[in-house]
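Working notes, structure below.
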Amino acid sequence: SDVENVVDAAKAVAIPSDQEILHVLPQTYTVDDQEGIRDPIGMSGVRLETSVHIVTGSVCAAQNIVKCIERCDLHVGDIVLEQLASSCVLTDDEKDLGVCMIDIGGGTTDIALFANGAIQHTGVIPIAGSQVTNDIAVAMRIPNRFAEQLKLLHASLLPLTEEESVAFDMGDGQTKMLSRNLLVDVVRARYEELFGMVKSAIRRSGFESLVVSGIVLTGGASKIEGAAALAESIFQMPVRIGMPQRVKGVNEILSNPIFATSVGLVLHAYYMQCRDDKESALLRGARGVLQRMTKWFAHNF
């Protein structure tokens, strides 16, 4: 169709040889002089234009990911930007009004700004859950595996009003008394830095004014106690923890933001399969019509 052709034409952009285009995401369309059209299908006009958000990725990084998956005897059907997959935690109203999704994972924090129903900006910050764990390990002088357990069991972003200590099992029957106040101070400092960097990234993007409905936090590291409250104090706008949506059942998954990206990947595969099935049905229908026309001409002429 004309819409698909104009989107494909947007791929003709100069990019470095070590990069490849992962996504071409339409934002708005223009039919002749009418701008700001979300879906031009069914409209009449002479000239069709589109504004797109192009996502590129490292060719080598993509190849390494594919090889890693294939070594597990699995087949890679597609490569999807993590922010797109995790956006399953957003509602359609939030995407229309304007929202910033912050996916705090293990190695990176991914940012995606949506407005007018389309993605407007994406970014990545190299601070996430693993850096918090490392901070705890250094401050508490304990191995990383114990620091991770301590973070999951006792970390918080809410300030403590009095001195608290926690008894932590170090293995081999050894129990160590650790200061929870120090734990909270270390973790809170890292999250304050992270949210400050995200705020600066949003400001630099030029789309800060579009974030009308607020911030949505998701990812495993967003589960920490007090994350939404701390984010609200820094961003000065409403903040909520985003859970996977658009699916039913398996409540332990739907109530946990750590599975946002996984659920989003499943939904992406489902939508792609539905699109392929629809295109195959249209192709079969067109082929059937062509065969009937051929038989009719052969019979009559």
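The values are calculated or read from the model by the stated rules, or taken from the named source; none is laboratory data. This is a predicted model, so every value here is computed, not measured. So basically every Cβ, Gly included, is an ideal-geometry build from the backbone, and we count neighbours across all protein chains shown. Surface accessibility is based on the protein's heavy atoms, side chains included, excluding ligands, DNA and RNA. Shrake-Rupley method; radii C 1.70, N 1.55, O 1.52, S 1.80 Å.
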Qualifying residue in region 74-89 (condition: open to solvent by 20 Å² or more (accessible area, probe 1.4 Å) and among the polar types (S, T, N, Q)): no
Within region 220-301, helices (runs of 4 or more DSSP H) holding 1 or more residues that are modelled with pLDDT of 85 or more, buried (at least 17 other Cβ atoms within 10 Å of the Cβ) and touching a helix residue (DSSP H, G or I) at 6+ places or on another chain (Cβ under 8 Å): 227-235, 260-300
Residue in region 121-137 that is aliphatic (A, V, I, L, M), over 29 Å from Thr28 (Cβ atoms) and more than 26 Å from the chain's Cα centre (by Cα) present: yes
Given (1) free of Cβ contacts under 8 Å to residues at least 40 places away in the same chain; (2) touching a helix residue (DSSP H, G or I) at 6+ places or on another chain (Cβ under 6 Å), number of the condition Val184 does not satisfy: (2)
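Kindly evaluate Gly107 against the criterion of being within 30 Å of Val247 (Cβ to Cβ) and either surrounded by 20 or more Cβ atoms within 10 Å (Cβ to Cβ) or not aliphatic (A, V, I, L, M) (or both). Can you show your working first?
Working: within 30 Å of Val247 (Cβ to Cβ): yes; either surrounded by 20 or more Cβ atoms within 10 Å (Cβ to Cβ) or not aliphatic (A, V, I, L, M) (or both): yes.
Yes; evaluated as a whole, the condition is true for this residue.
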So Gln131, is it open to solvent by 10 Å² or more (accessible area, probe 1.4 Å), in contact (Cβ under 8 Å) with a residue 40 or more places away in the chain, part of a helix (DSSP H, G or I) and of a type in the set (S, T, N, Q): yes
Region 157-186, subset under 22 Å from Ile127 (Cα atoms) and touching a strand residue (DSSP E or B) at 6+ places or on another chain (Cβ under 7 Å), residue most open to solvent (accessible area, probe 1.4 Å): Leu158
Filter result for Phe235 (in contact with a Phe, Trp or Tyr (Cβ under 8 Å, 6 or more places away or on another chain) and within 19 Å of Phe114 (Cβ to Cβ)): yes
Which numbered condition Gly107 misses (of (1) within 30 Å of Thr175 (Cα to Cα); (2) assigned to a helix (DSSP H, G or I)): (2)
Residue match in region 197-216 (condition: buried (at least 16 other Cβ atoms within 10 Å of the Cβ), of a type in the set (Gly, Ala, Ser) and on the phi > 0 side of the Ramachandran plot): yes
